[in-house]
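Here the structure is laid out as structure tokens; the discussion comes afterwards.
Readers should treat all values here as calculations from the given coordinates under stated rules, not as data from a laboratory. Quick caveat, the model's predicted, so the values are computed rather than measured. Counting neighbours? That spans all protein chains shown, and the Cβs are built from the backbone with ideal geometry, glycine included.
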Amino acid sequence: MTNAMSEIEDADTIFIIGSNTATSHPLVATRIFRAIEKGARVLVADPRKNQIAAFADLYVRHRPGTDVALLNGMMKVILDKGLEDKAFIAENTEEFDAFKKLIDGVSLDEVSQITGVLLEDIHTLAEIYAKADKASIVYCMGITQHTNGVNNVKSLANLSMLTGNIGKYATGVNPLRGQNNVQGACDMGGLPNVYTGYQPVTLGAANKKFAEAWGVNELPTKIGLTIPEMLHGIEKDEVRALWIMGENPVVSDPDANHVVKALEKVELLIVQDIFLTPTARLAHVVLPGVSFAEKDGTFSNTERRVTRVRKAVEPVGEARQDWWIIQEISNRFGFKMDYASPEAIFKEIASLTPSYGGITYERLEGPGLQWPCPSLEHPGTPFLHKDGKFTRGKGLFHAIDYKPSAELVDDEYPFCMTTGRIYAHYHTGTMTRNSKALDFEAPEGFLEINPADAKALDVLDGHRVKIASRRGEIETRIMITERVEKGVVFMPFHFEEANVNKLTNPAYDPIAKIPELKVCAVKLEKVS
Amino acid sequence: MDYRNTLTTCTYCGCGCNFFLESLDGRLTGTIPCKTSPVNEGKLCIKGWNVHQFVQSEKRLTKPLLRKNGELVEVSWDEALNFVASGLKAAKSASGADSIGFFASAKVTNEENYLMQKFARAAVGTNNIDHCARL
Ligand code: SF4
């Protein structure tokens, strides 16, 4: 996030796109409700009419995968009406002309046709957002989990720069991170191309610095494989061993049947987890780690805030600290590690990572610190890009054309399916479904379907249907609701027995390699 | 009776709410939201309120498991760790460091993610490390 979470409540306009905030980020939603109480205007664009839409000044239902078209339409209106922030553009941005040329060529009638959003609504969205004094954009996986994910994100950046809505208090672009420590896993170099703090493995200086600190002669400079590439590598006999820590790709990843095939094939599968997940059941060796309540350490939340995790109880049975497991394996592998505690590891992180350089466990007593925090005196950074100053110098406009999703509906697979979360569960359900209260709230999966489609299929609420895509089929009961429009169905992905990821499309964005979990084509059949 | 409250951070979503885990004689009994946290200011969602419930579930893994004759059976830590270390060594010498892949995790701590990427890069010698940020 470019802003702190608390700043959202002081925005005067909030544009929420592709985020089921009330369900997936309840405490961000709280800030939005407070902003509404203070008089903020709320705009929501989402293919599914989620809870937060009920509180919006304007809700528009654009078709899944048409975000770029909608945003380009809004920017066309802004430029046509001269609502752009000319001073901000001149002082703080580059490549505006190429961008403007593309937007000039956009036809609003076409945008309306592609997105299914009324012309007048596109105008209203654009005007309210552009005329705001402090406008904040909030987005989530509804924007990123597409083959056009990076283009969607860049289009939102275009929109914020065009109107100068960035780099001020309560004003910016705020992606909500899906999982609690996604931010931290990225910050810590859990990515194939960077060390901690996004220092590239291909950069000679960074490579040398880490090699020296870690006491090795050299470190690999070739960018590694992403998760889909590793799974593909197993099929091609290029990847032979896999160590999975705390993830459940059999349920979370697209095209589950394909994932299972790869994991069954790999010669050595090591799974480190707290439950015997569907992924762990395929392993050659399972290492019982510990839950957050049994360990010390830190998490970094979606607003870059680093806070402490503290051990409340002893681990169950013979489960061991995850850092201890890695250290033991490393020592037996022949690479010496002798950390006495998570704090010792954190000190090494801070010494090698400028943005974490000023953070210590001692300073984390209290509300935590937001990085960048480069020195012990530094108070942390609540919002990024202050006064229009971007990390890379000037903000870059990108001319982005609308491209349809990888898989579109056709006669054989006439429904567009999209996936997401429900309020009582989290991700693959490994933890929440083992919680009595949460299991009671929502014990099984379901498919949301529009009343008109249900009628055509001759099914009633609670009936079971078979759902099939080009990759697999599953069965579940249906829930009839206006939340989805005709031709669109929605399913949560928490339930392994009705694993929606057997259907989803693994086609991914060429740059970010994010799979298109939000759009695939399916057909439905009544189960008698 | 040993009653404790331990301030910590939620393991579920990216909001990162702070709360106290309540424990009585080593068993978790409840969750109390932290009023002074700037993130949640004394509030929690339904997942947070019930977060203590899965931790001591009887379904938790309590011992290392190793596949023998097709079945996962309980083994000692020594056996499991040696199996992993020698398996990784064998894979590296047979087909090179890049034949090994690592999934780090959005569920574990910064320290643990750091250590895994250090092991992958410095010990094994590959950048094949990723996590499900994209999911
Ligand atoms: S309590 Fe709810 S909103 Fe807060 S971090 Fe946990 S899951 Fe997210």
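The table for this structure:
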item: Long-range lysine pairs (8 or more apart or interchain), the stretch A:148-247, Cα under 22 Å; result: 4
item: Inverse mean reciprocal Cα-Cα distance (Kirkwood Rh) of the protein assembly as shown, Å; result: 25.5 Å
item: Exposure proxy ranking, count of Cβ atoms within 10 Å, fewest first, for B:MET116, A:MET337; result: A:MET337, B:MET116
item: Ascending count of other beta-carbon atoms within 10 Å, so fewest first, for B:VAL124, A:VAL250, A:VAL216; result: A:VAL216, A:VAL250, B:VAL124
item: Alpha-carbon centroid distance for the pair the stretch A:228-301 / the stretch B:53-106, whole angstrom; result: 10 Å
item: Sequence-separation-based contact order of chain B, relative, with Cα cut under 8 Å and 6+ spacing, percent; result: 13 percent
item: Dmax and Rg, reported as Rg then Dmax, of the stretch B:1-111 (C-alpha, Å); result: 19.8, 56
item: Spatially proximal aspartates and glutamates relative to A:LYS81 (Cα-Cα < 19 Å; intrachain offsets below 8 disregarded); result: A:ASP97, A:ASP104, A:ASP109, A:GLU110, A:GLU120, A:ASP121, A:GLU127, A:ASP133
item: Ascending count of other beta-carbon atoms within 10 Å, so fewest first, for A:GLU294, A:GLU525; result: A:GLU525, A:GLU294
item: Helical contribution to [θ] at 222 nm, DSSP H n ≥ 4, -39,500 (n - 2.57), averaged over the protein assembly as shown, rounded to 500; result: -8500 deg cm²/dmol
item: Selection from B:SER76, B:HIS131, B:THR109, by position along the positive dipole direction of the stretch B:65-134 (Cβ); result: B:HIS131
item: Cα-centred dipole magnitude for the protein assembly as shown, charges only on beta-carbon of K, R (+1) and D, E (-1), debye, nearest 20; result: 580 debye
item: Sequence-distant lysines (8 or more away, or on other chains) whose Cα lies within less than 25 Å of A:LYS295; result: A:LYS311, A:LYS336, A:LYS347, A:LYS436, B:LYS35, B:LYS43, B:LYS47, B:LYS59, B:LYS63, B:LYS107, B:LYS118
